[in-house]
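Below: the structure, in structure tokens.
The values are calculated or read from the model by the stated rules, or taken from the named source; none is laboratory data. All values derive from a computational prediction rather than experimental measurement. Reconstructed Cβ throughout: ideal geometry from the backbone, glycine too, with neighbour counts over all protein chains shown. For the accessible areas, the whole protein counts, side chains as well, though only heavy atoms, and no ligand, DNA or RNA atoms are used. Shrake-Rupley method; radii C 1.70, N 1.55, O 1.52, S 1.80 Å.
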Amino acid sequence: MAKLLYYYSAMNAGKSTLLLQAAYNYRERGMEVLLFLPDFDARMGKGIIGSRIGIHSPAHTFTADFDFLAYVSREVEGPQHSLAAVFIDEAQFLSKVQVYQLTEIVDKLSIPVLTYGLRSDFQMEPFEGSKYLLAWSDEMQELKTICHCGKRANMNMRTDTQGNAIHEGQQIMVGGNETYVAMCRRHYKENIEKAQNSANRDRSDSLHDMYRPAI
């Protein structure tokens, strides 16, 4: 029976590696698969899903208005189609409408859809795609990675070039080890509080300098 599956984790847990391995397993058995990733994610090159261990595969790209149901429906026209599964990397960037389209691929076309992504952003807020995948998927599985302290990492801390936590900014910013660090909730909060306190001190110092009387 076809299912919508969501594999989620913090950064650098090997999501893309697992996706590519699963897709390879299908292809090794002569089954056709479709791979997708966001149009703006070109870290490995345009239309390439790659992993940190060096494996990669071509993929279709999707934009915010891409219609997954329409695309897959065209691919399976006729009784002789061999499409066995759909894979989506960085699935947190899907829209609510697109996640619903994935449920339709499963329910109406009976094709499994395997999605891989983050649960929350660098401010502990859910992405739109992850929120609805968590709500609507048939099965979910957390892919575990660890914090520097050895505990389970479930938060994504965005960092600057000096490794300091960033607590403000746009939600979508593609990056890897140079931009994000997976941490447990405790150490994530400690680093964010440190960054906020530092920012407050800087603002206080700026206001003090602004209103300091001229001598």
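Tabulated data for the structure shown
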{"read-out": "Sole residue being modelled with pLDDT of 90 or more and among the charged types (D, E, K, R), chosen from Arg152, Arg212", "value": "Arg152"}
{"read-out": "Test: residue in region 41-57 that is of a type in the set (D, E, K, R), in a loop (DSSP other than H, G, I, E, B) and touching a Leu at 6+ places or on another chain (Cβ under 9 Å)", "value": "no"}
{"read-out": "Subset of region 138-154 [in a loop (DSSP other than H, G, I, E, B) and among the aliphatic types (A, V, I, L, M)]", "value": "Leu143, Ala153"}
{"read-out": "Members of region 90-129 found to be among the hydroxyl-bearing types (Ser, Thr, Tyr), surrounded by fewer than 20 Cβ atoms within 10 Å (Cβ to Cβ) and not in a helix (DSSP H, G or I), listed by number", "value": "Ser95, Ser110, Ser120"}
{"read-out": "Selection count, region 122-143, where residues are of a type in the set (Ser, Thr, Tyr) and touching a Phe, Trp or Tyr at 6+ places or on another chain (Cβ under 7 Å)", "value": "2"}
{"read-out": "Residues of region 74-89 that turn out to be open to solvent by less than 40 Å² (accessible area, probe 1.4 Å) and either polar (S, T, N, Q) or within 21 Å of Ser130 (Cα to Cα) (or both), as a count", "value": "5"}
